[in-house]
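Only the coordinates and a few stated rules stand behind these numbers; no lab work does. All figures in this text were calculated on a predicted structure; none of them were measured in a lab. Here the Cβ positions follow ideal geometry from the backbone for every residue, glycine too, while neighbour counts run over all protein chains shown.
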Amino acid sequence: MSDTAAEKSGREMAVEALCDQSRKILGVFTIAVVFLLIQVPYLFVVDQDSSLFVVATLNIIGSGGFAVVSGSALWFCSQQAD
C-alpha cells in the first residue's frame with residue numbers, strides 16, 4: 001500500500017517537474033516545427049538518388065519526432081492544468 005503511494009507521489013513530482021519546464025518545451029516544439037517546415041520542400045526538389053535527399057529525410061524524421069514528443073508533453077501539461 002505504501003509503495004503505491006510512493007510511486008504516485010514520485011509520478012506526480014515528475015509530472016510537476018515536466019510541466020514547470022513548459023516554456024522550454026514550447027521552444028523545442030517551435031524549433032522542431034520550423035525546421036520540419038524548412039526541410040519538407042527538399043523532398044520534392046532534390047533528386048531521390050542523392051545524398052541530400054537522405055539527409056533531408058533523416059532531418060524530417062528527427063525533427064518530426066521532436067515535434068511529436070514535445071507537442072505531446074505540452075498537450076499533457078495543458079490537460080493536467082484543467
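With the Cα gyration tensor of the range 2-81 in hand, convert its eigenvalues to equivalent ellipsoid semi-axes via √(5λ) and list them largest first in whole Å.
On the way: eigenvalues 273, 34, 11 Å².
So the equivalent ellipsoid measures 37, 13, 8 Å along its semi-axes.
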Looking at the chain as a GNM with Cα springs under 10 Å, which of Gln21, Gln48, Gln39 has the largest mean-square fluctuation?
Gln48
With a point put 7 Å past each Cα toward its Cβ, work out how far Asp47 is from Val33 in nm, to one decimal.
3.6
Length-normalised contact order for the range 19-82 - Cα pairs under 8 Å, 6+ apart - percent
49
Considering the chain as a Gaussian network with a 10 Å cut-off on Cα pairs, which listed residue, Ser51, Ser72, Ser22, attains the greatest mean-square fluctuation?
Ser51
Most fluctuating residue given options Phe35, Phe66, Phe44, as computed from a GNM of the chain linking Cα atoms under 10 Å:
Phe44
